[in-house]
Amino acid sequence: MRGVRGVREAYGMSDLRLDGARRSDGEHLPGGDHPSDGGRLSDGDHPSADGRRPDAVPGPGIVPPRVPPERVDDAPALLAEHGAVVLSAYEAGGADPLTLAAARVLGARLRELYPQRLRTSRDGGPVHLHADSFDVRVDVGGVPGRRRHPDEDHVFVRCERPAPSGGHSFAVDAGRFVDGLAAADPELADFLTGCDVDLYGAWAGLRGLPATPHVGRHVEWTRTGRRIVRRTDGAVPLHRDPQAEHITAMLDRFTRAVHGLEDALPRFWLGAGDILVLDNYRCWHGRDGHTGERTVRILTVRSTEAR
């Protein structure tokens, strides 16, 4: 537990719980206001949509700037600066808002889109911090293709129906979190940057997931110089890895360190029509549990800067 406490103390989060994983309603299984001092919002509190920048947030937590429809051209620069933005009440005049949002934000850098996923949860439990990535391959009329890609580098999450109570979102700058580990928990930092794992091995046997293990490290760099900071529940040691016991322990330590951040992170609200845009290499996101029904539609893409 020393490593988890070190992470908490490094970010001034000494009051965080150290309990294990809470139930997720599946958003980061294979397949998305501005409180002061990192406090939570009450169920009735909703953020302003005037496009103002958020105040500075301590630690790795982020509150994405909100971009109103008339200022959507500001979104690319804000995304590059903060790692996430919210496009407020983004509509497309009957066209597909997620695809058009991806085109507006990424422009000529938009390289490949993957099929959208609709997620409805009813009285859903919390969704822990995660990055969206997976590997699903299909054969369509004899032509191999992908429905998901391990190097999806941007995520667009549109709120179709907000929950009547709860369901606030939260996000962290994962790069800043990893940088802090150099002092807070150097052993964990070394593991994330230096140890190969089977990134989706926990889901072996899932239809469409290649039988060949997808081997990688949690922190890597692309040929274009971007840092990837992965966060997936699917990571396991490679088959018969002599360090398997140590790797399993470090994966658990990583999970506890990440979950330990969540309670103190600032929350933000996604209303109907809002689109959360994330640099999926840089940021992790999650949400609180909720009562009632909540629906989001998710689009993952690759840009020309992805691997």
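A few comments on the model shown:
- The residues of the stretch 149-169 that are in contact with a Leu (Cβ under 9 Å, 6 or more places away or on another chain) and not acidic (Asp, Glu), listed by number, are PRO150, HIS154, VAL155, PHE156, VAL157, ARG158, CYS159, PRO162, GLY167, HIS168, SER169.
- Inter-residue pairs, beta-carbon under 9 Å, first over 15 Å from ILE298 (Cα atoms) and in the stretch 100-122, second among the basic types (Lys, Arg), 6+ apart: LEU110/ARG302; ARG111/ARG302; ARG122/ARG294
- Filtering the stretch 263-307 to residues that are farther than 22 Å from PRO76 by Cβ, part of a strand (DSSP E or B) and acidic (Asp, Glu) leaves only GLU293.
- Pair list, Cβ under 7 Å, 6 or more apart: the stretch 68-97 residue charged (D, E, K, R), other residue modelled with pLDDT under 95: ARG71/GLY51
- Of the candidates GLY201, GLY167, GLY208, the single residue that is closer than 30 Å to LEU270 by Cβ and surrounded by fewer than 21 Cβ atoms within 10 Å (Cβ to Cβ) is GLY208.
- Residue match in the stretch 101-110 (condition: in contact with a strand residue (DSSP E or B) (Cβ under 6 Å, 6 or more places away or on another chain) and closer than 14 Å to CYS159 by Cα): yes
- Residues located in the stretch 73-96, provided they are in contact with a strand residue (DSSP E or B) (Cβ under 7 Å, 6 or more places away or on another chain) and surrounded by fewer than 18 Cβ atoms within 10 Å (Cβ to Cβ): ASP74
The values are calculated or read from the model by the stated rules, or taken from the named source; none is laboratory data. Just so you know, these numbers come straight off a predicted model, no measurement behind them. Neighbour counts are summed over all protein chains in view; Cβ atoms, including those assigned to glycine, are modelled from backbone coordinates with ideal geometry.
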